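Worksheet for the structure shown next.
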Amino acid sequence: MPEYTILDQVDQISPALPTFSEPGFFFNSPAHLNQQGGTVHQIVVINQETGQADGRCAFFLRDQQAVSPLAAPFGSVEFAPDLPDDVLSLLINSLIKAARTAGATSLRLVNYPDCYAPTQARRLARQLVEHGFEPVATYENLHLTVTSQPFGSGIDSMKQRRLRKCRTAGFRFAHWQSPDLCAATAFVGQIRQLRCHAQTIEPASLRQLLLSFPDQFPLFGVWDADRLIALAAAVRVSPDILYYFLPVSDPAYDAYSPMVLLIDGLWQYCQQQQISLLDLGVSLNGDRTPKPSLIQFKRNLGGQSSAKTVYERAL
């Protein structure tokens, strides 16, 4: 069995840090961590045979709580499938010690949805509980498993009718490859205001993400002639996973449900890019309670359920 060592790094994640042995999740990459804000603390498990990192977790301090992530849908502990249990335990113990040393009084980990890596998710959940963590929130996450079949074959009859209605009206889906970022972020803000939805990300922060990571944050839209009527940013979380992020649609077009056409386009994009999982995310109100209407909408599109769990531990 290979030997492992623990590396504890504070502040900007160095490009010289050993690369992760797996393709990894973008939200845990040095590039994304370094722009989340604040001081980054990262614990890494190094495989001495390969010189690569087989496990990692980054956290930030916020009001005496160590949080992972600070500004992303998830963070937590990510590790290679063949990392031994005792080394995973060592990583979690090192994480607890580092958070305590940094002055935190508690540690909060937002796990990736279980569907991303089911075996690792089960192992991590078991180990976290064994190390004194408690699940403080569990959200239903919905995703689509992308197949070679047309998107319309897996959705309910009402959504099939909405899809046909959009096509009959001549609406056009496209990957917005050279977006006007000011226009795109203004559209997001305008629609969220019209629908009385709270802003989950500031327009300037969204523009910066789209500008800094154009390959990881592709934009997709639906147009009625030259009028933008629906928009979603997506996130290439990994080579196999596309995350459906910040979707908005003009309420004047609710009778058509153009978001169904947009998700149909994302399905085809995933097929072309050999992406096997389209993550539709959690469905929450502004107060973080479940939003049944949105959950049902995603289920009617063929959405499959998995858990997204938040763990906390006192230090």
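The values are calculated or read from the model by the stated rules, or taken from the named source; none is laboratory data. Note that the structure is predicted; figures quoted are calculated from it, not measured. Here Cβ is always computed from backbone atoms with ideal geometry, including for glycine, and neighbour counts include all displayed protein chains.
Out of the residues in region 168-205 that are assigned to a loop (DSSP other than H, G, I, E, B) and of a type in the set (A, V, I, L, M), state the one that is modelled with the highest pLDDT. Filtering first and then ranking leaves A169. Among the conditions (1) surrounded by fewer than 17 Cβ atoms within 10 Å (Cβ to Cβ); (2) within 25 Å of Q35 (Cα to Cα); (3) under 22 Å from the mean Cα position of the chain (by Cα), L231 misses just one, which is (1). Residues of region 239-251 include none that is surrounded by fewer than 19 Cβ atoms within 10 Å (Cβ to Cβ), small (G, A, S) and either under 15 Å from A184 (Cβ atoms) or modelled with pLDDT of 95 or more (or both).
S94 fulfils the conditions (1) farther than 28 Å from W267 by Cβ; (2) surrounded by fewer than 16 Cβ atoms within 10 Å (Cβ to Cβ) except for a single criterion, (2). Within the span defined as region 153-167, one or more residues are in a loop (DSSP other than H, G, I, E, B), in contact with a Gly (Cβ under 7 Å, 6 or more places away or on another chain) and either crowded, with 16+ Cβ neighbours inside 10 Å or not small (G, A, S) (or both).
Screening S178, S76 for residues that are polar (S, T, N, Q) and on the phi < 0 side of the Ramachandran plot leaves exactly one candidate, S178. Annotation note: Cβ proximity below 6 Å between a residue of region 43-61 that is outside any strand (DSSP E or B) and a residue that is among the acidic types (D, E) (sequence gap 6+ or interchain) occurs for Q48/E3. Take the conditions (1) within 22 Å of S89 (Cβ to Cβ); (2) hydrophobic (A, V, I, L, M, F, W, C); (3) outside any strand (DSSP E or B); L33 misses just one of them, which is (1). For the criterion of being in contact with a helix residue (DSSP H, G or I) (Cβ under 6 Å, 6 or more places away or on another chain) and crowded, with 20+ Cβ neighbours inside 10 Å, L261 passes. Can you report the number of residues in region 256-294 which are of a type in the set (D, E, K, R) and not in a loop (DSSP other than H, G, I, E, B)? Within region 256-294, residues that are of a type in the set (D, E, K, R) and not in a loop (DSSP other than H, G, I, E, B) number 2.
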